[in-house]
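Chemist: Next up is a structure, given as C-alpha cells.
Throughout, read-outs are computed from the coordinates displayed, never taken from laboratory work. Computed from a predicted structure; not experimentally measured. Please note: Cβ atoms are built from the backbone with ideal geometry, for glycine as well, and neighbour counts cover all protein chains shown.
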Amino acid sequence: MGLFNQCSKCDKKGIFLKLIDGLCKDCNHVKQNEFEEKRKIEEIKEQIRLNEVEEKRKLKDYEESLIKRKNELYGDIERNAHNIKEVIDEYKDILNKLGETSCSEDENIKILIDEINEKEPYILILNEMQHLIWQLNNPEYCLPSSLVENVEKLESIYLPKIKEMEQKI
Ligand SMILES: [Zn+2]
C-alpha cells in the first residue's frame, strides 16, 4: 500500500487506478462474469433436481394407480365377475406394466403373473359353468333348447374339466 492503488489479482498499479473490492476494473469484470456463470450453473442444477423430483413423483403416482387398479381387478376375479375374460386380460396387462416399473412389489409381480397364467383356464371354465348354472336356475331368460344343451355341456364338458383341473391345482 502507499501512494499507488494496486490490483490484488493482476498487480496493475496506478495513482488513479480505481479498485473495487481490491480489484481493478478488468479483474472485477472477470470476477463478476465467473460469479454469474456459477450462478447459472447452480440454477440449471437446481432445475434438473426439480425435474427429477417431479419425474419421481409422476412415476410414483403412476405406480400407485396401477396398484390400485390391480387390486380392483383382483377383487373382480375373486368375485368371478361376469366379464371375467376382459378382467383377466386387463389384470395381466396391469401386472406387465407394473413389472416394467421399479416399484417395490417387483418381486411379487412375477409370482402374480405366473399365478394368473396357471389359474386362468380354471377361472374361465368355472365362470362359464356358473353362467350355465345361472341359466338353468333362471329358465325364463333362455330358450328351452339351450337349457338342454347347457345340461349336456355341464355334464359332458365342464364338470369333467373342472375335476381334472382341481386335481392339478
Ligand atoms: Zn486487475
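Chemist: Charges at C-beta only: +1 for Lys and Arg, -1 for Asp and Glu. How large is the resulting dipole of the chain about its Cα centre, in Debye rounded to 20?
Modeler: 1580
Chemist: Moving on to the next point. State which stretch of the chain is the longest one without any exposed trypsin sites (Lys or Arg not before Pro), exposure meaning a DSSP loop state and at most 11 other Cβ atoms within 10 Å.
Modeler: Longest stretch, sites excluded: 80-169.
Chemist: Next question, about the same structure. Would you mind finding the longest exposed-site-free stretch of the chain, with exposed chymotrypsin sites (Phe, Trp or Tyr not before Pro) meaning DSSP loop and at most 15 other Cβ atoms within 10 Å?
Modeler: After excluding every exposed loop site, the longest remaining stretch is 17-169.
Chemist: Under 22 Å between alpha carbons, and skipping anything fewer than 8 positions from Lys12 in its own chain: which lysines qualify?
Modeler: Lys25, Lys31
Chemist: Related question: For region 82-138 and region 4-75, what is the separation of their C-alpha centers, rounded to whole Å?
Modeler: Comparing the Cα centres of region 82-138 and region 4-75, I get a distance of 50 Å.
Chemist: Counting only Cα atoms, I'd like the Rg/Rh figure for region 70-159, Kirkwood definition for Rh.
Modeler: 1.13
Chemist: Taking 0.36 nm per residue of separation and subtracting the Cα-Cα distance, what length does fully extending Lys161 through Glu64 add?
Modeler: 31.1 nm
Chemist: Which shape class, rounded, prolate or oblate, goes with region 113-169 when its Cα gyration tensor gives a ≥ b ≥ c as root eigenvalues, a/c under 1.5 marks rounded, and past that a/b bigger than b/c marks prolate?
Modeler: prolate
Chemist: So, one more: Taking a threshold of 23 Å on the Cα-Cα distance, which of the pairs Lys13/Lys40; Lys68/Lys110; Lys97/Lys168; Lys92/Lys153; Lys38/Lys58 fall above it?
Modeler: Too far apart for the 23 Å limit: Lys13/Lys40; Lys97/Lys168; Lys92/Lys153; Lys38/Lys58.
Chemist: Grab the Cα-Cα distance for Ile48 and Lys92, subtract it from 0.36 nm times how many residues apart they are, and report the gain in nm with one decimal.
Modeler: Using 0.36 nm per residue and subtracting the Cα-Cα distance, I get 12.3 nm.
Chemist: What percent of all Cα-Cα pairs in the chain falls in each 10 Å bin, counting up from 0?
Modeler: It works out to 8, 20, 16, 12, 9, 7, 7, 7, 6, 5, 4, 1, in whole percents.
Chemist: Rounded to the nearest 0.05, what FRET efficiency is calculated for Glu34 and Ile111 with R0 set to 41 Å and r the Cβ-Cβ distance?
Modeler: It comes out at approximately 0.15.
Chemist: Can you work out ³J(HN,Hα) from phi for every residue in region 16-30, in order, using Karplus 6.51 cos²θ - 1.76 cosθ + 1.60 and θ = phi - 60°, giving whole Hz and x for Gly and Pro?
Modeler: Going residue by residue, I get 9, 5, 8, 10, 10, 6, x, 10, 6, 4, 5, 5, 5, 4, 4 Hz, with x marking Gly and Pro.
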